[in-house]
Every structure is written in structure tokens, then in C-alpha cells.
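A.B. asks: Could you have a look at this structure, given as C-alpha cells, before my questions?
Rule-based calculations on the coordinates, nothing more; no lab input. Keep in mind it's a predicted model, so treat the numbers as computed, not measured. Glycine also receives a Cβ, built like all others from the backbone with ideal geometry; neighbour counts cover every protein chain displayed.
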Amino acid sequence: MLGHIALLFNAIVVRGRLPVRFLYSTIIPIPKGRNVNKSDSSNYRGIALSSVYGKLFDNIVLQHFSDVLLTGDLQFGFKAKHSTNHCTFVLKETLAYYTENLRTVAFWMPQRLLTESTTVNCSKDY
């Protein structure tokens with residue numbers, strides 16, 4: 001079986017294409033806490049279960065090439081010793097500064113990042 005997996009992974013590297021099934025995930029809702037209202041969808045986070053072969057391929061690539069795979073300074077999530085909390089903090093501090101000093105704040109966010117539940121609290125009582 002390892003020989004077949006090696007052939008598959010070599011074909012992926014040579015052709016530069018992933019099998020479509022590697023891109024499929026099953027999203028499982030996990031409650032955010034033990035004592036949350038389980039009828040409220042905002043009390044869940046989605047966990048994506050991916051293909052075992054896809055995860056294996058990802059780990060092999062990361063193991064062999066992690067020293068040359070670099071991320072930008074503006075990436076916060078999925079990065080060692082970083083958190084999206086840093087990004088949220090920077091956004092809130094920036095909005096607080098401009099709200100206090102200019103009274104008018106405008107910023108751009110890509111449409112793909114906006115959802116119906118996306119809100120930005122621009123009040124001064126963070």
C-alpha cells in the first residue's frame with residue numbers, strides 16, 4: 001500500500017495537480033462550551049475533517065519544505081506564535097485612534113470576508 005501512496009504523491013508533484021477528492025472536507029459543528037444554548041448556531045465552531053491522504057501529503061510537504069515556505073508579516077492565523085487575536089487587537093486600536101481623532105472612519109474589507117454576522121463595533125467603549 002505504501003508503494004501506491006508513493007506513486008500517487010509523486011504523480012501529484014510531477015503534474016502539479018491534486019485529485020479533487022483531496023479538496024473535499026466534512027464540516028462537523030462543535031459546541032463552543034459545555035453549558036451553551038445548543039439551539040443557537042452562533043455557539044458552534046466548524047471543524048473540517050479532510051482526507052487522510054490529503055493530510056498525509058500536507059505533512060510530508062511541510063516536513064520537507066518548511067524551511068523555505070514563508071508567510072508574510074500580515075498573516076496572523078495558522079502561524080506559529082501568532083493568533084487572529086493580534087489582528088483583531090490591531091484593528092480595534094486603529095479604529096479607536098481614528099475615531100477619537102478624526103470622527104470619521106472608513107476601511108476596506110474584501111467582500112469574501114464579509115458575512116451576515118460580520119459586525120464591527122466602532123463605539124468608544126471597547
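A.B. asks: When the Cα centres of the stretch 1-31 and the stretch 51-105 are compared, how far apart do they sit, in Å?
C.D. replies: 25
A.B. asks: In terms of Cα to Cα distance under 29 Å, which lysines are near enough to K92, apart from those fewer than 8 places away along the same chain?
C.D. replies: Once the sequence-local lysines are set aside, what remains near K92 is K32, K79, K81, K124.
A.B. asks: Here is a follow-up. If I model a spin label as a point 7 Å beyond the Cα along the Cα-Cβ vector, how far apart are those points for Y53 and S66 in nm?
C.D. replies: With each label point 7 Å from Cα toward Cβ, the separation is 2.5 nm.
A.B. asks: Here is a follow-up. Taking the Cα centre of the stretch 1-69 as the origin, how large is its charge dipole in debye, to the nearest 20, when only Lys and Arg (+1) and Asp and Glu (-1) carry charge on their Cβ atoms?
C.D. replies: 240
A.B. asks: With the Cα gyration tensor of the stretch 1-87 giving a ≥ b ≥ c as the square roots of its eigenvalues, does the rule (a/c under 1.5 for rounded; else a/b larger than b/c for prolate; else oblate) give rounded, prolate or oblate?
C.D. replies: Oblate.
A.B. asks: Between A80 and Y24, take the C-beta separation as r, use R0 = 22 Å, and let me know the FRET efficiency to the nearest 0.05.
C.D. replies: E(calc), rounded to 0.05, equals 0.20.
A.B. asks: To continue, here is another question. Show the residues, 5+ positions off or on another chain, whose built amide H is closer than 5 Å to the amide H of L18.
C.D. replies: none
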